[in-house]
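So the structure is just underneath, and the comments pick up after that.
The values are calculated or read from the model by the stated rules, or taken from the named source; none is laboratory data. Predicted, not measured: the structure shown is a model, and the values here were computed from it. Heads up, the Cβs are rebuilt from the backbone with ideal geometry, glycines too, and the neighbour counts pull from every protein chain shown. Just the protein is used for accessible areas: all its heavy atoms, side chains included, with ligands, DNA and RNA removed. Shrake-Rupley method; radii C 1.70, N 1.55, O 1.52, S 1.80 Å.
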Amino acid sequence: MPSRAGPAGDGVTRSGEAVRAPLFFADKRLPCAAAGRRRSTILDAAHIERAVEALGFEVVQLERGGGRRRPLLRLRIDRPGVSAGRSGVTVEDCAAVAREVRARSAEANGGDENWVLEVSSPGVDRPLVKAADYARFAGSRVRVKGYAPLAERGRRLDGTLLGLAAGPSEAFALEVDGDRVEIPLEAVASARLVYDWDAVGGGEGDKGKR
């Protein structure tokens, strides 16, 4: 049965107030126990993105996990064009996306469903996944982790995102301690926004109260 849950990371409430967790909706189906019953197949990324876009949202991140007996699909969604930390995605939005993805999957699988679907808002620490994200959030504070030391500085860098860098290869520019560095996208293990709590009147001492 579908189950609804609230904060579990970092997010923003419907009113725009910063909280520490994204809103998410978990839709769980028990695994098929009947002998000889075929396993359902989770839709591919292209089909999932079309289902999400049909409702006016975009896929921020798509992750697959779980095991063979009970696969897991985890989606982060956002509203196209919104600024950093202000998506306004609600639990109801997540539930609507979950229903749409489920319906399309059930149609593709003849109604045979035995996997877990989790849909959440991007959170204020929104991950940067696509090249376009590095252009969209230029000017934002970001935290980048590399597979190896980045720009001869270290495997983790905090700085101000300056957007995509010009050149034949995909890279982005980052201002670190007053210096501009360029980092190839292929060198990045993960990157996400760093929310400015002080800008919304919530310093370190206030975060635990939200």
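Within the stretch 149-161, the set of residues being closer than 22 Å to Asp196 by Cα and surrounded by 17 or more Cβ atoms within 10 Å (Cβ to Cβ) comprises Leu157, Gly159, Leu161. Count of the stretch 63-84 residues, restricted to those that are of a type in the set (A, V, I, L, M) and modelled with pLDDT under 80, is 2. Scanning the stretch 179-210 for residues that are modelled with pLDDT under 95 and either small (Gly, Ala, Ser) or closer than 16 Å to Pro149 by Cα (or both) returns Ala199, Gly201, Gly202, Gly203, Gly205, Gly208.
Return the residue satisfying two criteria in turn: it lies in the stretch 110-122 and is of a type in the set (A, V, I, L, M) and open to solvent by less than 10 Å² (accessible area, probe 1.4 Å), and of such residues it is modelled with the highest pLDDT. Working first, answer last.
As a first pass, look at the stretch 110-122 and keep what is of a type in the set (A, V, I, L, M): 116-117, 119.
Narrowing further to those that are open to solvent by less than 10 Å² (accessible area, probe 1.4 Å): 117, 119.
On the way: Leu117: 89, Val119: 94.
Here the answer is Val119.
Just a yes or no: is a residue in the stretch 123-143 modelled with pLDDT under 90, out of contact with any strand residue (DSSP E or B) (no Cβ under 9 Å at 6 or more places or on another chain) and part of a loop (DSSP other than H, G, I, E, B)? The answer is no; no qualifying residue exists.
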